[in-house]
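The values are calculated or read from the model by the stated rules, or taken from the named source; none is laboratory data. Not measured: the values here are computed from a predicted model. Please note: Cβ atoms are built from the backbone with ideal geometry, for glycine as well, and neighbour counts cover all protein chains shown. Surface accessibility is based on the protein's heavy atoms, side chains included, excluding ligands, DNA and RNA. Shrake-Rupley method; radii C 1.70, N 1.55, O 1.52, S 1.80 Å.
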Amino acid sequence: MNDLSKLEVRGIRDPWKEGLAAGWSVIDSSQLNEDQTIEADVVIIGSGAGGGVSAEILSQSGLRVVIIEAAKLKSTDQFNMDEGEAYRDLYQEGAARAAKDGSIAILQGRAVGGTTVVNWTSSFRTPEQTLSYWQNNFGVTGLSRSELDPWFEKMEKRLRVSKWAMPPNANNNALKNGCEALGWGWSVIPRNVDGCWNLGYCGTGCPTNAKQSMLVTTLPSAMESGATLVHSAEARTLEHDGTRVTAVLCNALDGRRQATGKTVRVVAKTFVAAGGGINTPALLMRAGVPDPHERLGKRTFLHPTTLVLGDFEERVDGYYGAPQSLYSDQFTWRDGVDGAIGYKMEVMPTHPGLMSSLIGGYGSLARTQVSRLPHYAAAIAMMRDGFHDESEGGAVELSKYGDAVLDYVLNDYVLEGLRHSHLKMAEMLFAAGAQSVRAGHGDMPFMASWKQVKELIPTLKYAPGMAGCGSAHVMGGCTMGADETRCLTDSEGRYHHLENLYVFDGSVLPTSLGVNPQLTIYGMTARNATRLATRLQA
Amino acid sequence: MNDTLALNRRAFLRAGLFGSALLAGGAGVASLSGCSTAKVPANGFLHLRQADIELLTPMVPALLAGALPNGDADVPRVLRRLDTLLDSPAQGGRDAIFQLYDVLQLGAFRWWTMDAWSHPGTLSTEQIDQGLANWSRKQNSFARLALNGLCQPLTLAWYTDPEIAKGTGYPGPPSKVIA
Ligand SMILES: Cc1cc2nc3c(=O)[nH]c(=O)nc-3n(C[C@H](O)[C@H](O)[C@H](O)COP(=O)(O)OP(=O)(O)OC[C@H]3O[C@@H](n4cnc5c(N)ncnc54)[C@H](O)[C@@H]3O)c2cc1C
Ligand code: SF4
């Protein structure tokens, strides 16, 4: 790939700058000098995949919608592709969120537009096997693949999802070459982009508006329909009487995410929780909503993800170009739906901040490895957690400060998958022509032959803190389904124990998915928000 | 292994590195390390305390060996970037990092991980490097989680500096010109 550092991105509109000038109703809570009370028909807490889609549908149906977002509004003009700034301004906990024991790094967005502002644009429909599993094991109804397909189609049109037609960058191409050499399946990823410049900065906020994130699609259209956005406002609790919610109470936050002391209270008829996995359950826990079977925050899934680096003689420049354009499902269902943990293989971009911390280690060895950055292909495998008795996922807890913490323990069931995926991705990268390969394990050096790797990996200890593990997909924690002893929302997203509370985000997923989550959340939310709109208009 | 340390180790394991709960023996660790009074950030810092700075200053040249274009002169800049990075995690997550810095004040903990009782301030960079090598070879989950907790935030803080990022061979991002 050419050196893109000389390229200038110019002539791009900022829809929010224009919208603000045109009088969109936006409240920057950090600037409030007094507590505020606002009234609405529907208040949506969180402006990501679920929140954005809900906002568009509900406000277009004529309802007065207020959207609450903890992050400060940041939009196109400010997306300057600086990694450090992006982590600080657009990610939960400055990209330093992790499982409670520190063993899994958790990337999650915190932005107007939620995680869709920083995601890598891969857009898959939910696998049939996953939806059937929910139907059979959780009593989810109306969400079979054939019933959801029209909603996927609608959202694919809305967000311009199509298979990536440009040649893959060398990072993705390594996955293809490896799979082809080994006779493994691979295919092209559909992406939600319109006029993509093929830059590779999806993770730091797309500077060209090509990525069809909520920030440039559903949220602007909700604003055009009269919605109000309250940003820099973190919902801390809900006022309720055990049967209905009456208001959401938010802390205004300053530029350093600290409470300013001012509050925003939104009184509404209907409440939509859309803060995403970890955060939605935490809000409901802080609010003390009825949870008779203590299910809140349980079954939180992560697609625990492993990394293997292949060092190629030629430059790969994996930080440039569409970050994810090819994938392999060779091992996604390797032992059926509910056997040994399966995993989807993709690649990840190699920007230096994130990649050097994933390379890990310290001192001169770390430095030597980091210095080969332009030559790395970075294959990843996402474990399909939640389909087995030994895969109950993590549990959300509240810290003594009331903030969310995820207790997720990498047990032997998941660790077996980590090891298996390390082996397979190493084999794939050697087959693709890597001169040496290193799996993301603290005791593994770069090794020059598949034979050496094949001998070493089975001897390594796989334990938290030793095998590297991360996540960019937080799912579950407010399990959907009919069985009230195990589930918190019905199949339309309504909270079982409160009449007017709905959960429209990734936290309702009863298991992980086996595909990147955004399109599942868009499709399910489009269906459930449309049903809600109909109900509220009746 | 003395009992206090064994106890703290279990407590620490439970609390986690970026985790929320305070060390069960948190107060104990703080008083053992003699820094229970030093809860306030050092002058000019948002979070790092004087004791942390004294602990990390000698360790950074070993931890980021080869990555400091100006050698030891870069250490203050590293610590500033770390301090800024530590401003973003939730309070509970930040507490866990500081528990790690606290526990590193304990000779016994350093002896267990680095085979060195002495405060890093009294060791040479080579000795610290050797200590880190011992630590990184430990086949113990807790020790390795702790080592990651020491290394990863520093690495992330440092390599997100645009100038340092270029030292990896990364040419840098395109530039954004606002209309
Ligand atoms: C680096 C990265 C790459 C990814 N790549 C892909 C990809 O290529 N394809 C894909 O399908 N998925 C990808 N994902 C994941 C995907 O984007 C998310 O799963 C999806 O956006 C989750 O949607 P959500 O509605 O559950 O929550 P989110 O989109 O996370 O939105 C939740 C929003 O709510 C706000 N919020 C939370 N709590 C509160 C509160 N109490 N008060 C106020 N606001 C609150 C948050 O700040 C956040 O902005 C990626 C994720 C990451 C981190
Ligand atoms: S690759 Fe495309 S979608 Fe991603 S940041 Fe670049 S222009 Fe935007």
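Close contacts from segment A:1-20, counting a first residue that is more than 8 Å from every other protein chain (Cβ to nearest Cβ) and a second that is of a type in the set (Phe, Trp, Tyr) and open to solvent by 20 Å² or more (accessible area, probe 1.4 Å), with Cβ to Cβ under 8 Å and a gap of 6+ residues or different chains, come to A:16/A:24. Take segment A:41-72 and flag every residue that is surrounded by fewer than 23 Cβ atoms within 10 Å (Cβ to Cβ) and over 20 Å from residue B:85 (Cα atoms). Those that are surrounded by fewer than 23 Cβ atoms within 10 Å (Cβ to Cβ) and over 20 Å from residue B:85 (Cα atoms): A:41, A:60, A:61, A:62, A:63, A:64.
In segment A:187-217, the residue that is surrounded by the fewest Cβ atoms within 10 Å (Cβ to Cβ) out of those that are without any contact (Cβ under 8 Å) to a residue 40 or more places away in the chain and either more than 15 Å from ligand 1 (Cβ to nearest atom) or away from every other protein chain (no Cβ under 14 Å) (or both) is A:195. Looking across segment A:272-331, the residues that are of a type outside the set (A, V, I, L, M, F, W, C), within 15 Å of ligand 1 (Cβ to nearest atom), more than 20 Å from residue A:238 (Cα to Cα) and open to solvent by less than 10 Å² (accessible area, probe 1.4 Å) come down to A:300, A:303, A:304, A:318, A:319, A:321, A:323, A:324, A:325.
Of the residues A:204, A:218, A:208, the single one that is in contact with an Asp or Glu (Cβ under 7 Å, 6 or more places away or on another chain) and within 12 Å of ligand 2 (Cβ to nearest atom) is A:204. Could you check, for segment A:333-354, whether at least one of its residues is on the phi > 0 side of the Ramachandran plot and over 23 Å from the mean Cα position of the chain (by Cα)? Yes: segment A:333-354 contains one or more residues that are on the phi > 0 side of the Ramachandran plot and over 23 Å from the mean Cα position of the chain (by Cα). Taking segment A:401-410 as the range and being more than 7 Å from chain B (Cβ to nearest Cβ) and surrounded by fewer than 20 Cβ atoms within 10 Å (Cβ to Cβ) as the test, the residues that pass are A:402, A:407, A:409.
For segment A:90-104, the tally of residues that are within 9 Å of chain B (Cβ to nearest Cβ) and over 17 Å from residue A:403 (Cβ atoms) stands at 1. For segment A:39-61, taking the residues that are more than 24 Å from residue A:18 (Cβ to Cβ) and more than 9 Å from ligand 1 (Cβ to nearest atom), the one that is farthest from the other protein chains (Cβ to nearest Cβ) is identified as A:61. Against the test of being farther than 19 Å from residue A:100 by Cβ and either open to solvent by 10 Å² or more (accessible area, probe 1.4 Å) or within 13 Å of the chain's Cα centre (by Cα) (or both), the options B:145, B:123 yield a single qualifying residue, B:123.
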